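Chemist: Dropping the structure in here first, questions after.
The values are calculated or read from the model by the stated rules, or taken from the named source; none is laboratory data. None of these values were measured; they are calculated from a predicted model. We place every Cβ from the backbone using ideal geometry, glycine too, and count neighbours over all the protein chains shown. Side chains are part of the model used for accessible areas, which takes the heavy atoms of the whole protein and leaves out ligands, DNA and RNA. Shrake-Rupley method; radii C 1.70, N 1.55, O 1.52, S 1.80 Å.
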Amino acid sequence: MRRRGFLQARSGAVSLISALSCVALVGFVGFATDVGAVYLEARRLQGAADLAALAAMQNPARAREAAAAIVRDNQWPEDTQVSVTHGAYTPDRALAPDRRFSAGAASANAVRVELTSSAPLYFGRLFMPEGRMSIVRRATAAQARLASFQIGSRLLALRGGAANALLSALAGGEVNLSVMDYDSLARADVDLFAFADALRTRLNLEAASYERTLAHSVNAPDALEALADALNGGDARAERAVRRMAQAASGARAIGPLDTLIDLGPYASQDHAPLGGALQVRVSALDLASAVLQLGAADRQVRFQLAAAAPGLLDTNVWLAIGDRPNNSPWIAITDAESVIVRTAQARLYVETNVAASSLIAGVAQVRLPVLVELAAAQAQLAEISCPLSGRGGNVTLSVSPAIGSVTLGEVNTAGLDNFRTALAHTPAPLLRTALLRVDGEARVDVGGEQTSRVRFSASEIERRVVKSVATRDAAQATVSSLLGRTSLTVRALGLGVNAGAVTAPMRQVLTNAAAPLDSLLNGLTDLLGVRLGEADVRVNGVRCGGAALVA
């Protein structure tokens, strides 16, 4: 009876359940305490691994010693194991994070640090006599690599005052510079960040980032005066020349924001130059000045005259239309991304010149030659930045596509030059017209399909500001000489006593004589635009191989 009563009794059940549950509760508390302790130590170890990886990357020759010093400074146990592996890091989002680092690669640009230590256990000692749990953490640091590159860097070859005439037309006022002025401008390099700082001051933008400064609408005189301010203290002749260009452009319209020309990449959000000048970005003052003036001419055309532009040429009229860069591509960029493309502006150049012909064709004083050059955009893209682990120097490879297009002898409607959305039609041009004789001519040379060339700049070439030119295979055919040599002539005798057949040979001789000076003139004009038909010039302004960054 007593046993049955005891089993059926309900009083005191809570005490029994609580007593039995305490064991489980104490176990859970102990487990949570140990898990929290291990997690905290793992986080601390990850922080040490991150610092160790950065230190190792900063001093790759003594990477393990640098990493071990970080571990000691963070007061980890002496038995903490430090493993350092050199390799190559590929910043490709298409790859899984654990596949972006290749250990032992020939072109090493990163280090991976692995730290192995242990975390203390408090309640877990009941089950693990050593009282500690092993923890492993890894971190990878890669070199911070940046390159600044530009397209359209052809040094000016002055030909018959073409530079003054073209820049005057773009500026809207008279530009009258000497050969020595242009030489100084072409050779004077200006720091791009100094120019942006000067522009910010000119625009009265306080504490504005470079991005905000370049996005602000600006007129040509302010931009050119800012360029002159940035040259102050350097080449005095170049500074004076730019200020004279600014004065000539005083009546020009606003050119809009300069972020369509300049992409400062990771520095855009900053309001001061990179610390210590880690990346020197210096561009030709002439390149920057002409690019600013061309920006003001976008989607419109200018016309100017050249008197005795070149030996053998008489009076010459020139029409120039400059379009927007495709997809608003910049002219210069700072980046580490292979997706960034810089482009020249598309352009149309129509030249109508007269050449002497009296000694070859009786009774004829001159022959008219209208030539149209159409320039599609040339482009350059970052292909590779190769840096030694030491961080000293670096090589940059660009992928370059020259400007394709055409050169045509023919009559065109100059009113449609600035409509780049429509193909420009041409008709046979009257080259010679008298009371008794008329000669029409027509010819066209196309530069072939797009092709891409890889152009490598060594560290010394970058330091020396070397400009490299890339040409299509048929660029040599895209000359006035080849064009005029293919001209189809139609001779019409309008009066008695004129032998039409006897005119063809001397007419071709006139074209042959005019080819070289006309080539020289067109090359001088397109030089200022930074690109020739079938060619592109590129320059790497600077490369940064120093520093380190944690990567996934």
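Chemist: Starting from the amide H of Ile255, placed 1.01 Å from N in the peptide plane, find each other amide H under 5 Å away whose residue is 5 or more places distant or on another chain.
Modeler: Correct list: Val218, Asn219, Ala220.
Chemist: log₁₀ I(q)/I(0) of the range 400-552 at q = 0.10 Å⁻¹, via Debye over equal Cα point scatterers, no solvent, to two decimals?
Modeler: Result of the Debye calculation: -0.54.
Chemist: Using alpha carbon coordinates only, what is the Rg to Rh ratio of the range 423-495, with Rh defined as the Kirkwood radius? Could the numbers behind the result be given before it?
Modeler: Details: Rg = 20.8 Å, Rh = 16.3 Å.
Ratio value, two decimals: 1.28.
Chemist: Within the set of other residues whose C-beta is less than 13 Å from the C-beta of Arg282, count the net charge using Lys and Arg as +1 and Asp and Glu as -1.
Modeler: Values: positive: Arg187, Arg464, Arg465, Arg539; negative: Asp189, Asp191, Asp235, Asp287, Glu463.
Spelling it out: positives minus negatives among the neighbours equals -1.
Chemist: Taking the Cβ-Cβ separation of Thr490 and Asp315 as r and a Förster radius of 25 Å, what is the calculated FRET efficiency to the nearest 0.05?
Modeler: 0.50
Chemist: So, one more: Of the heavy-atom accessible surface of the range 394-497 (probe 1.4 angstrom), what whole percent is carbon and sulfur?
Modeler: 47
Chemist: Okay, next question. Using a Förster radius of 30 Å, what is the FRET efficiency between Arg64 and Asp98 based on their Cβ-Cβ separation? Nearest 0.05, please.
Modeler: It comes out at approximately 0.85.
Chemist: Which percent of the accessible area of the range 184-281 is formed by carbon and sulfur heavy atoms (probe 1.4 angstrom)? It would help to have the intermediate numbers written out before the result.
Modeler: Values: 1930 of 4280 Å².
Roughly 45 percent, rounded to a whole number.
Chemist: Could you give each residue of the range 183-190 its phi-based ³J(HN,Hα) in whole Hz, using Karplus coefficients 6.51, -1.76, 1.60 with θ = phi - 60°, and x for Gly or Pro?
Modeler: Per-residue couplings from phi come out as 4, 5, 5, 5, 9, 7, 9, 10 Hz.
Chemist: Here is a further query. Excluding Arg368 itself, calculate the net charge of residues whose Cβ lies under 13 Å from the Cβ of Arg368, where each Lys or Arg counts +1 and each Asp or Glu counts -1. Please list the in-between numbers first.
Modeler: Values: positive: Arg433, Arg438; negative: Asp315, Glu352, Glu411, Asp440.
Charge balance in the 13 Å sphere: -2.
Chemist: With unit charges on the beta carbons (Lys and Arg positive, Asp and Glu negative) and the dipole taken about the Cα centre of the range 396-501, which residue among Ala471, Ala459, Leu398 sits farthest to the positive side?
Modeler: Ala459
Chemist: Moving on to the next point. List the equivalent ellipsoid semi-axes of the range 504-552 in whole Å, largest first, each obtained as the square root of 5λ for an eigenvalue λ of the Cα gyration tensor.
Modeler: On the way: eigenvalues 481, 20, 8 Å².
For the range 504-552, the ellipsoid semi-axes come out as 49, 10, 7 Å.
Chemist: Tell me, what is the FRET efficiency for Arg421 and Thr512 to the nearest 0.05, using R0 = 45 angstrom and their Cβ-Cβ distance as r?
Modeler: Step by step, r from the Cβ atoms, then E = 0.75.
Chemist: Test of understanding: extend the Cα→C-beta vector of Asn74 to 7 Å, then name every residue of the range 34-55 with backbone N under 17 Å from that spot.
Modeler: From the range 34-55, the list is 37-55.
Chemist: On to the next question. How many angstrom lie between the Cα centre of the range 327-344 and the Cα centre of the range 407-477?
Modeler: 24
Chemist: Could you work out the per residue convex hull volume over the alpha carbons of the range 376-488, in cubic angstrom?
Modeler: Details: hull volume 16.6 nm³, N = 113.
Once divided by residue count, the hull of the range 376-488 is 147 Å³.
Chemist: I would also like to ask the following. Which length gain, in nm to one decimal place, applies between Ala365 and Thr201 when the Cα-Cα distance is subtracted from 0.36 nm times their residue separation?
Modeler: Answer, rounded to one decimal: 53.3 nm.
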